[in-house]
Amino acid sequence: MSNYIVGDIQGCFDELQALLAKAEFDESKDTLWITGDLVARGPKSLETLRFVKALGSAAKVILGNHDLHLLAVGLGVHKVKDKDKTAAIFEATDRDELLHWLRKQPLLAEHEEFLICHAGISPQWDLKQARECAEEVEAILKSDDWAWLIRNMYENQPALWDKKLKGIERYRYTINAFTRMRFCFSDGQLDMACKLPPESVKNNNLVPWFKTPGRKDIEKTILFGHWAALKGYENKDVIGLDTGCVWGGQLTMLRWEDKQYFTQDALS
């Protein structure tokens, strides 16, 4: 009985299947944790959604920015982009069922020893605050008001956390921190522009979110995806698992119990 955590799949369904076979994943006893972005730039987003949904309780899915964007496309807020390769989802007979299932997934999932999120956890949040903010947004996504939230999430502001934030500004900050964050300024303000690897950044005031001065202790290891340019990352309390399979890199998965990594090269 093992816990496997896999980085961004982004529609790389064949690579996922090969990776699970390598690890001898058994859905009858093992759990697959997914750091978000099930869909987007890979060729088989529809197959990925169907497969993960069918895993039922054997899969623990986190929402990523591409997953939220898929919901927005479903609402007509944005059109399908050719580069996203998600058109097949909207032509599928089970489209509504898949999107309904997707919006019920959380922004944050928790194991006794680790946390899973897509981009990271705001450096100004402790574990209690992270849970609270995630639950607020998750409750709306599961409610009849979910479309309002999706339609109003597309802004970069506010970029700095304040406990006094209310309404859409609070929810937008939460969504951006959990699903879009990479760098922060040294004061903790989110930077929504830079996607480079840290060693390529020449602005000394920009730091990876997990190295922000004064970052609150979360008490558990944080596993995340989203940042393909990192090409994987690990320190004592943070593990990045997005190794850019969709960009010709690898799909990476960690078995938590013995800390063994499994990788699968991009197949196309």
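Read-outs throughout are calculated quantities, based only on the coordinates presented, and are distinct from any laboratory measurement. Because the structure is predicted, anything quoted here is derived from the model rather than measured. Cβ coordinates were reconstructed from backbone atoms using ideal geometry, including for glycine residues, and neighbour counts include every protein chain displayed.
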| field | Charge tally in the Cβ shell below 11 Å around Leu107, where Lys, Arg are +1 and Asp, Glu are -1, Leu107 excluded | value | -3
| 15 Å beta-carbon shell around Met153, net charge (K/R +1, D/E -1) | -1
| message | Please check: in the Gaussian network model of the chain (C-alpha springs, under 10 Å), which one of Glu112, Glu15, Glu47 has the largest mean-square fluctuation. | response | Glu112
| query | Remind me, relative contact order of region 3-265 in percent, using alpha carbon pairs under 8 angstrom and six or more residues apart? | reply | 23
| For Lys60, which lysines qualify as cross-link partners when the Cα separation must be under 19 Å and same-chain residues fewer than eight apart are set aside? | Lys29, Lys104, Lys142, Lys220, Lys259
| query | With a sphere of radius 15 Å drawn around the Cβ of Lys236, what net charge do the other residues whose Cβ falls strictly inside it have (Lys, Arg +1; Asp, Glu -1)? | reply | -1
| query | Under a 5 Å amide H to amide H cut-off, with H placed in plane at 1.01 Å, what residues pair with Leu115 once short-range neighbours are removed? | reply | Thr221, Ile222, Leu223
| request: Work out how much length Leu196 to Phe90 would gain on full extension: take 0.36 nm times their residue separation and subtract the Cα-Cα distance, in nm to one decimal. | output: 35.0 nm
| task | Looking at the chain, send over the antiparallel percent of its DSSP beta bridges, to the nearest 5. | result | 55
